[in-house]
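Report on one structure; see the data block that follows.
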Amino acid sequence: MNQKQHKGPGGRVVIYGGGVGGAQLAKKLSGKASVTLVDPLDYFEVPMAAPRNLVQPDFAERAIMPFAEALPELEHVRARLVELRTEGGLIETPDGQQSLLSGDITALATGSRFASELVRAVEGSGSERKDFYARFYERLSAARRVLLVGGGPIGVEIAGEISETWPEKAITLIEAGPRLLAGTSEKAAAHAAAVLQKRGVTIITGDRLESQAHPPNEIFAPGGTATTTAGRQVSYDLLMWCVGGRPNTDYLQPHFANVLNDKGQVRVTPELRVLGQERLFALGDITDLAENKMAWITGGHVDVAAANIVALLGAGRMKLKSYRPKTGNPMMAVTLGRNGGVAHLPSPIGVVRSAWINRKLKATHMLVPMLRKKFEL
Ligand SMILES: Cc1cc2nc3c(=O)[nH]c(=O)nc-3n(C[C@H](O)[C@H](O)[C@H](O)COP(=O)(O)OP(=O)(O)OC[C@H]3O[C@@H](n4cnc5c(N)ncnc54)[C@H](O)[C@@H]3O)c2cc1C
């Protein structure tokens, strides 16, 4: 085993996962500690832009930022954490080399995994991801009947993008729950459903796919007919899985299974430390906090984790900050293409249906400039 040894100002922090939580945490800690960021990807991708990238591949040019540009001051190790041990993290590079990495403080921000790499890549380079979007665009352009599985924000946004770009396509959106957008208010969800239905999208709720011709991870599989639990038969040229969102925490199973709940989420303390661990933090989608798994929520985790890590390294205040979960908070901005969407904003504003406001909030830029600014790009 090769154990890397670096020391910087304030000590060494190893962050696993360079997504919304890990990359922002790394940026906040740079200059205050010696930071090593471990991620099998060589880039940060703004997840919010993925629905747009699928219908406009050149949008990915700015949504994908190589770590070398976004975080040039940090060490990026292109590898996956395969097993967390008490003495450090066992990591594996894309060519299969394993080594053990340790720091004074460790942060876990490995996010969610989905049914396929359609909405979130699990390996590869930034240029491969851009090639994927270009290739998928060709496939999507050619499909006449599109079946989308999952009526959460990702499925709804993709339905919005496709129906706006190609009004002639026959789109079906199927959701197992009783309504679309379970994480936000009924009013916001009803508006999204009404806009999509007006565009001709068929929405099926309370039903789920029972069988289909190809497994979810075959993104480019040919068309077929899917059968639902209720016995519906839906024929499609392209099947797009927009479900998943399970925590990427398998690496904790061998030695830290006790910190996982039954959903595979990491139990955290109010300081965002892993339960029972002094110098191990967890943030973002993998936490067991009862709140929507969203980027704007992860941003709040980053602030608390960064302050506490600095405090523990002795470079800041000693009293640790506590995070208050956003339980039941319906705040969400859901786009329905470039020209609008629906948002549920904090009280007293509530549901915003105005296309103009939704364009300003998110639909024209998909939050890419905001994230680029965070990385000084
Ligand atoms: C398509 C899409 C659209 C979204 N739209 C919105 C939106 O509009 N608004 C909003 O607020 N939220 C949105 N979200 C949710 C938001 O992106 C997530 O809540 C947020 O990214 C969570 O941050 P994270 O750091 O926990 O995980 P992620 O941002 O997913 O980052 C996880 C990182 O960990 C890496 N990783 C995974 N496993 C390992 C491992 N074993 N070792 C090392 N690295 C690993 C991954 O490669 C990835 O880079 C969207 C999500 C998706 C997928």
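Regarding region 171-226, what are the three Cα extents along the principal axes, ordered largest first, in Å?
Dimensions of region 171-226 along the principal axes of its Cα atoms: 36, 22, 16 Å.
By per-residue mean of other Cβ atoms within 10 Å, what is the highest-first order of 63-74, 273-284?
Ranking, from highest mean packing down: 273-284, 63-74.
So between A134 and K187, what do we pick up on full extension, going 0.36 nm a residue minus the alpha carbon distance?
Between A134 and K187, full extension yields 15.5 nm more.
Leaving out ligands, DNA and RNA, what percent of the accessible area of the chain is carbon and sulfur, probe 1.4 Å?
51 percent
So if each residue of separation counts as 0.36 nm, and I subtract the Cα-Cα distance between D303 and M370, what length gain in nm does that give?
Value of the extension gain: 22.5 nm.
Give me the mean projected area, in nm² to one decimal, of the convex hull enclosing the Cα positions of the chain.
Computing the convex hull of the Cα atoms and averaging its projections yields 18.3 nm².
Mind checking the dipole of region 321-377: about its Cα centre, +1 per Lys or Arg Cβ, -1 per Asp or Glu Cβ, Debye to the nearest 20?
Roughly 120 debye for region 321-377.
Rounded, prolate or oblate, given the Cα gyration tensor of region 136-244, with a/c below 1.5 counting as rounded?
Oblate.
Calculated FRET efficiency, R267 and R179, Cβ-Cβ r, R0 30 Å, to nearest 0.05?
The computed FRET efficiency comes out at 0.50.
Size of the dipole of the chain about the Cα centre, Lys and Arg at +1 and Asp and Glu at -1 on the beta carbon, nothing else charged, in debye to 20?
I would put it at about 1220 debye.
Per DSSP H run of n ≥ 4, the term is -39500 (n - 2.57); total these for the chain, divide by its residue number, and report the mean residue ellipticity at 222 nm rounded to 500 deg cm²/dmol.
-7500 deg cm²/dmol
Calculate the length of the line joining the C-alpha centroid of region 302-377 to that of region 15-86, in whole Å.
The distance from the Cα centre of region 302-377 to that of region 15-86 comes to 18 Å.
Taking the solvent-accessible surface of protein heavy atoms with a 1.4 Å probe, what is the per residue accessible area of the chain in Å²?
43 Å²
So how tilted is helix 186-198 from the main axis of the chain? Cα-based, degrees 0 to 90, rounded to 10.
So the inclination is approximately 50 degrees.
Of N217, Q233, A192, which is farthest towards the positive pole of region 161-257's charge dipole, taken about the Cα centre with +1 and -1 on the beta-carbons of Lys, Arg and Asp, Glu respectively?
Positive-end residue among those listed: A192.
Does anything in region 256-289 have its amide N under 16 Å from the 7 Å Cα→Cβ label point of K319, and if so which residues?
The answer is 271.
Return the percentage of antiparallel bridges among DSSP beta bridges fully within the chain, rounded to the nearest 5 %.
So the antiparallel bridges in the chain amount to around 50 percent.
Determine the gain in length on full extension of the stretch S127-Q233; use 0.36 nm per residue of separation and subtract their C-alpha separation, reporting nm with one decimal.
My answer for the length gained is 34.4 nm.
Just going by the charge dipole of region 1-91, with Lys and Arg at +1 and Asp and Glu at -1 on Cβ, which of P51, G18, V35 is farthest out on the positive end?
The listed residue farthest towards the positive side: V35.
Calculate how steeply helix 153-165 sits against the longest principal axis of the alpha-carbon atoms of the chain, using the helix alpha-carbon long axis, and give the answer as 0 to 90 degrees to the nearest 10.
Helix 153-165 sits roughly 50 degrees off the main axis of the chain.
Give me the angle, in degrees from 0 to 90, between the Cα long axis of helix 20-29 and the longest principal axis of the Cα atoms of the chain, rounded to the nearest 10.
Helix 20-29 sits at roughly 30 degrees to that axis.
The values are calculated or read from the model by the stated rules, or taken from the named source; none is laboratory data. This one's a predicted model, so the numbers in the text were calculated from it and none came from an experiment. So basically every Cβ, Gly included, is an ideal-geometry build from the backbone, and we count neighbours across all protein chains shown. Calculation scope for accessible area: heavy atoms of the full protein, side chains included, ligands and nucleic acids excluded. Shrake-Rupley method; radii C 1.70, N 1.55, O 1.52, S 1.80 Å.
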